[in-house]
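The values are calculated or read from the model by the stated rules, or taken from the named source; none is laboratory data. Predicted model, so just to flag it, every value in this text is computed and none were measured. Every residue, glycine among them, receives a Cβ derived from its backbone with ideal geometry; neighbour counts consider all protein chains shown.
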Amino acid sequence: MLAAPAAIAASKGSGLPLPRFVSLRAGEVNLRTGPGVQYPVDWVYQRQHLPVEIIAEYGTWRKIRDWQGTQGWVHQSMVAPRRTFIATGEVRTIHRKSDPNSEPVARIEPGVVGRLLACPDLNGWCRVEVGGHEGWLRRVELWGVQRDEVIQ
């Protein structure tokens, strides 16, 4: 039997839309230079639930990009559909409502990772949870959601 051409093999991924956000499943995830264990490890992530963007698929391998733009390949078993975000820029305030004048719930440092609960419309706000504190954060203050993505 002949091996499938690379173009056909590359198309046999999950069938889910690309790009899409997921999170790292484990506390240690190898980022490889190519889609397979024969490729060298370029980086080791040591942060469970870190949001990453899947930008390509090759069989059981996912090419991901992190919030700093680093790209590489991980096995599909190392990512989970759980939606998370990472706070960007400066210290951010999570608000009780999707209104900058609403009561603050918590303040988070840049680099803090939390759960992304909903981005119900394109009004610029997402409902998030960090360390037991739930509230609203502006989309521009986080990384982990597409600009035009609605999450219910």
>> Just to check your reading of the model, which residue among 70, 84 is closer than 27 Å to residue 36 by Cα and in contact with a His (Cβ under 8 Å, 6 or more places away or on another chain)?
In response: 84
> Could you list, in sequence order, the residues of segment 54-77 that are within 13 Å of the chain's Cα centre (by Cα) and under 14 Å from residue 14 (Cβ atoms)?
Replying inline: 54, 55, 62, 63, 64
> Out of curiosity, is residue 84 surrounded by 13 or more Cβ atoms within 10 Å (Cβ to Cβ) and touching a Gly at 6+ places or on another chain (Cβ under 8 Å)?
Replying inline: yes
>> Given the criterion surrounded by 14 or more Cβ atoms within 10 Å (Cβ to Cβ) and either among the aliphatic types (A, V, I, L, M) or out of contact with any strand residue (DSSP E or B) (no Cβ under 9 Å at 6 or more places or on another chain) (or both), identify the matching residue among 44, 112.
In response: 112
>> Can you say whether residue 58 is more than 18 Å from residue 136 (Cα to Cα), crowded, with 16+ Cβ neighbours inside 10 Å and hydroxyl-bearing (Ser, Thr, Tyr), as far as the supplied structure shows?
In response: yes
>> So for segment 78-100 (the condition being part of a helix (DSSP H, G or I) and either of a type outside the set (Asp, Glu) or at pLDDT 95 or above (or both)), does at least one residue qualify?
In response: yes
> Which condition breaks for residue 49 when tested against (1) touching a Leu at 6+ places or on another chain (Cβ under 9 Å); (2) over 26 Å from residue 115 (Cβ atoms)?
Replying inline: (2)
> Considering segment 110-142 alone, what residues qualify as being closer than 27 Å to residue 19 by Cβ and in a loop (DSSP other than H, G, I, E, B)?
Replying inline: 110, 111, 112, 120, 121, 122, 123, 124
> Do the conditions hold for residue 124, that is, is it crowded, with 19+ Cβ neighbours inside 10 Å and either in contact with a Pro (Cβ under 8 Å, 6 or more places away or on another chain) or not polar (S, T, N, Q) (or both)?
Replying inline: no
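Residue-wise test of (1) in the same structural domain as residue 16 (by TED's automatic domain parsing); (2) among the hydroxyl-bearing types (Ser, Thr, Tyr).
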{"site": "41", "(1), (2)": "yes, no"}
{"site": "72", "(1), (2)": "yes, no"}
{"site": "92", "(1), (2)": "no, no"}
{"site": "97", "(1), (2)": "no, no"}
{"site": "102", "(1), (2)": "no, yes"}
{"site": "132", "(1), (2)": "no, no"}
{"site": "136", "(1), (2)": "no, no"}
>> Can you pull out every residue in segment 143-152 that is outside any strand (DSSP E or B) and either in contact with a Pro (Cβ under 9 Å, 6 or more places away or on another chain) or touching a residue at least 24 places away in the same chain (Cβ under 8 Å) (or both)?
In response: 144, 145, 146, 148, 149, 150, 152
